[in-house]
1. Would you kindly find the accessible area of SER436, with a 1.4 Å probe and non-protein molecules such as ligands, DNA and RNA excluded, rounding to the nearest 10 Å²?
2. Under a plain spin-label model, where a point goes 7 Å from the Cα along Cα-to-Cβ, how far apart in nm are HIS531 and HIS478?
3. Say the dipole of the chain comes from +1 at the beta carbon of Lys and Arg and -1 at that of Asp and Glu; which of PRO80, HIS278, VAL235 then lies farthest toward its positive end?
4. Could you tell me the distance between the Cα centroids of region 159-224 and region 327-345, to the nearest Å?
5. Within a Cβ distance under 9 Å of PHE470, other residues only, what is the Lys/Arg minus Asp/Glu net charge?
6. Heavy atoms only, probe 1.4 Å: what % of the accessible area of region 456-496 goes to carbon and sulfur, would you let me know?
7. Could you work out how much longer the chain between GLN20 and ASP370 gets when fully extended? Use 0.36 nm per residue separation minus the Cα distance between them, nm to one decimal.
8. If you count only protein heavy atoms and use a 1.4 Å probe, how large is the accessible surface of MET167, to the nearest 10 Å²?
Amino acid sequence: MGLLQHTVVYEVDFPDVACQKAALIKGVKELSALVGDAGGEGLGAITISGDDYKLLGVDLSELPELERTLEEAGLSNEIPTLFIAEVVLTYMETARSDALIQWAAERFPRACFLLYEQVQPQDPFGHIMQQHFRQLSTALRSLALYPDCPAQHRRFLAKGWTECSVMDMNEFFTCCIPEDEQQRVQTLEPFDEYEEWHLKCSHYFVLAASKGMEPSWTPLSPSGTVPRHAAALGVAGSVPAAVCAGLSGLPGLRRYGHRSVLVKPNVIVTTGGFGEEHGQHCRVRNVHLLSRHAGHWEAVCVTQNVPDQRWGERLYHTVSRLSDTLALVVGGRTSPSSTGLGMLWLKFPKTCGASGPGDVSVELASLQPDAEAAALRWRHSTTEITFKGEQYLFVYGGRSALQPVLGDWHFLHAPELSCAAIPVDGPVPESRHSHSACSWEGGVLIAGGLGAAEQPLGSVFLLRELEHGFQWQTIETHPPLVPRYSHTAHVHEGKLLLVGGVWFHASSVPGVTAIDLMTGLCLNYVINVEHLEWPLMLHNHSSVFLPDEKELLVIGGGGNCFSFGTHLNPEPVLLSLSSILASH
């Protein structure tokens, strides 16, 4: 494009890597012509010396040799110089990377430094990330001293740089990538790994530092449209987590994108999702039945008659209990481009959970034509509501193969699976998926979710029954609810409990948030994981509230990260909510 005329690029790498790169470039005549290499074998550490591209084989931690080789290759420190280090410094001993940052500031009167590497080592995803790099024998050394963006900012100012700005990659993508480019990327291919994408982006940052530049160089200028959650979050207390003893060691419960529902007291059914089955990762076909006898939980994989192979391929569906012996499965997907999965009946024997598992039968549900649109979605919610004494299922939001985010709703009348036209007024919530929905006082509470701009939402809505229909009402929370999605939710005695999820608040991970539905008071509780021996991932999980014990049973959770592999919570976990609910 001609933008780098009169600019020389000096690439520095380990001597053996530089030699391999030089051999590859010289072996391809188009690349040789591009760098304009004069040929020959290169001089010592200078493996390629073109007019505007020099490839140097030097260990960056050996500063005297680095300086000597750069001078020999013709670098003048009087000319404005941009240093680019893309996941480089973190592999060096921290004292040596600090020295390199300081050396660049001292030797170059007019300079800029662009740094990209990892951050946030101590949260669950940070542990997974560190474990990945340790397995590659490339430990991330900078993280101990510089674990977050403010620490990196202080680092550069202390080492002689006068201007410095830093942001994690969620903020960078939102604030520094033009909207049309964001939309182009979002439509390149079917994509549904939002949780892993946002978690990965919250664990990488970009930093721009400069000195002596006129005008000053500030490429990272946030547009100011997205709130930066840099301040520490107010925490009201903690919730202890413990492994649920009777359910440990069962590979079938290691999954994500599944659904769990309490079909009757002490009996839970878990279906679908992606996880571990027969020793490999796949879409989980088996239905698991969890039952409690004399306070002790156990789980079995139940036999099922499956009329349709696609049942076992579902992720992000919903399961609604209609009676002790009947539940309805709505929507879900196999891949993000294959979603026409319709609805299914799950039928349980009356003795289910009492005298052994029995069989669970799965039957294709025949829908009325007006209900088909309700089923062609995933990451939606299906909630039981009451209108004029009749039970309906309220199917809301989600996404489809055609629409990346939906804002419509359907009132599904369960026995014949037809949709009823019931009037709804009030301010319509913005479209969302991966939100939570709970039945409350005949209506439904919707909280959070991921909106059309792929930004987490912090709104809470109540769909309330009136005489002639329903009305949307906004529930104001104070302090404002931190926007989140991929959480679960439960209502108990006038409190809405939001469990886990993904948010852009870098200083902590979501625990349990309790919202008082009378006053709007919003309190955050961290989850105390000292009794767990593994990082607890609270996204893509399912949770069941056990009111008598004031406990939450969290089943599954985790995801499939393109960089760091599949990570699944190995065992179900019990969260004790007595401290939150006692304070009612």
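1. Here the residue's solvent-accessible area equals roughly 10 Å².
2. 3.7
3. HIS278
4. 36
5. Numbers: positive: ARG464; negative: ASP425, GLU465.
Residues near PHE470 contribute -1 overall.
6. Numbers: 870 of 1650 Å².
Its accessible area is 53 percent carbon and sulfur atoms.
7. Details: separation 350, 0.36 × 350 = 126.00 nm, distance 6.35 nm.
Gain in length upon complete extension: 119.6 nm.
8. So the heavy atoms of MET167 present about 0 Å² to solvent.
The values are calculated or read from the model by the stated rules, or taken from the named source; none is laboratory data. Every value quoted in this text rests on a predicted model; they were computed, and no experiment measured them. Cβ coordinates were reconstructed from backbone atoms using ideal geometry, including for glycine residues, and neighbour counts include every protein chain displayed. When the accessible area is computed, the model is the full protein with side chains, heavy atoms only, and any ligands, DNA or RNA have been set aside. Shrake-Rupley method; radii C 1.70, N 1.55, O 1.52, S 1.80 Å.
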